[in-house]
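**Q** So that we are looking at the same thing, I have put the structure below in structure tokens.
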Amino acid sequence: MVRRDLNNYSDGVLSMRHDAIFLLYPTCNSYDDEFGAFDHNQNPITVDDALVQAKIAELEAAEPLRLLRQQRNQLLQQSDWRMVSDYPGANQTEWQTYRQALRDITTQTPSLDENGNLTGITWPTPPTD
């Protein structure tokens, strides 16, 4: 049986199905493709497949923006140290502009290619040191 963290779709549609079930049925504590869904007392939960398919479609539609935010957050985290008051570089204003462009990147409309990579995004260029 599986109980997992949500929003990690590297293993494909099956995990997205599991996430959809856990999101739709908050009392679901475990799920197995063969045996079904169960609450914390191991009582079976009836899963409506039409609802699950609709939730999967919703998650699939949200996936490009989720990945965009994930990559954006990594880039912000990598440049956090440049925002401290004792940053030695003379280009802190350029880094502030870059970081704002990263925050604004979610106004773009990302999509995924056949390999699951983000497309349709113009990433800002980080300043040189």
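Rule-based calculations on the coordinates, nothing more; no lab input. In this text the structure is predicted, and so the values were computed from the model without any measurement. A quick note on method: Cβ atoms are made from the backbone with ideal geometry, for glycine too, and the neighbour counts reach across all protein chains shown.
**Q** Specify the angular offset, from 0 to 90 degrees and rounded to the nearest 10, of the alpha carbon long axis of helix 92-104 from the longest principal axis of the alpha carbons in the chain.
**A** Relative to the chain, helix 92-104 is tipped by roughly 30 degrees.
**Q** Now, a different point. Multiplying the sequence separation of Asn115 and Gln53 by 0.36 nm and subtracting their Cα-Cα distance, what value in nm do you get?
**A** Details: separation 62, 0.36 × 62 = 22.32 nm, distance 2.20 nm.
Taking 0.36 nm per residue and subtracting the Cα distance, the gain is 20.1 nm.
**Q** Any idea how far apart His40 and Gln74 come out in nm if each label point goes 7 Å out from Cα toward Cβ?
**A** Computed distance between label sites His40 and Gln74 equals 3.5 nm.
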